[in-house]
């Protein structure tokens, strides 16, 4: 059983809480977890949780990058914390609990004021995704959604245009994945288009999805204590300091 969640935003205790909740709910162990971007890869928060608090997860935790990560330090942090977190680079394939995942971190639809240029999905990333054999992929995991599938945008960001990144239709056409998971838009979304079921997840403190061994998906609402204002305040100050 694989647990998927999105938008952790530096609250590294949340995956542990949701893993424990899922195991209590199902009576089964979670074999692995996948974070769909915005994990919050910033050294002060990583150090506080994994070195200061000695946080440990009971299963492997994989992640793709979102648009709120320290991209300048990403290569170093991925290596420094590889004992507790496994990065899935853009365009890479990973086999997790028997399923073949294609990963595409980054985003297009975002608040440009708080997003580094390195977060943007480029044409080269789409081409890397398309470089694998057609039968190599069961599941696609992205941070942003592919354009044109109907994900509603936040009214505050109406000036940014339609949601999603271009090129996702090419990925879907080549691999015809049974499932495509994404985060970023902070809302549940569920739509079948052709062979693919598109599932959008809310913030990690609002719920998660469980992928069972037979390929069925269980969406779970489990609201934890919400503190987004704190991380956003600290993160904004950190980003400005790095700039």
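Could you please let me know if residue 61 is touching a strand residue (DSSP E or B) at 6+ places or on another chain (Cβ under 8 Å) and surrounded by fewer than 18 Cβ atoms within 10 Å (Cβ to Cβ)?
Here the answer is no, as residue 61 does not meet what is asked.
I'd like to check something: does the range 49-56 contain any residue that is crowded, with 16+ Cβ neighbours inside 10 Å and under 18 Å from the mean Cα position of the chain (by Cα)?
No - not one qualifying residue is present in the range 49-56.
Would it be correct to say that residue 97 is farther than 16 Å from residue 174 by Cβ, in contact with a helix residue (DSSP H, G or I) (Cβ under 7 Å, 6 or more places away or on another chain) and either buried (at least 16 other Cβ atoms within 10 Å of the Cβ) or modelled with pLDDT of 95 or more (or both)?
No; evaluated as a whole, the condition is false for this residue.
Among the residues of the range 193-212, which ones are at negative phi, over 12 Å from the mean Cα position of the chain (by Cα) and outside any strand (DSSP E or B)?
195, 205, 206, 212
For the range 178-187, name all the residues that are surrounded by 22 or more Cβ atoms within 10 Å (Cβ to Cβ) and part of a loop (DSSP other than H, G, I, E, B). Explain how you work it out, then say what you get.
Filtering the range 178-187 down to residues surrounded by 22 or more Cβ atoms within 10 Å (Cβ to Cβ) leaves 180-185.
Scanning the range 178-187 gives 183, 184, 185.
Can you name the number of the only condition in (1) more than 17 Å from the chain's Cα centre (by Cα); (2) loosely packed, with under 14 Cβ neighbours inside 10 Å that residue 190 fails?
The number of the failed condition is (1).
The values are calculated or read from the model by the stated rules, or taken from the named source; none is laboratory data. Note that the structure is predicted; figures quoted are calculated from it, not measured. Neighbour counts are summed over all protein chains in view; Cβ atoms, including those assigned to glycine, are modelled from backbone coordinates with ideal geometry.
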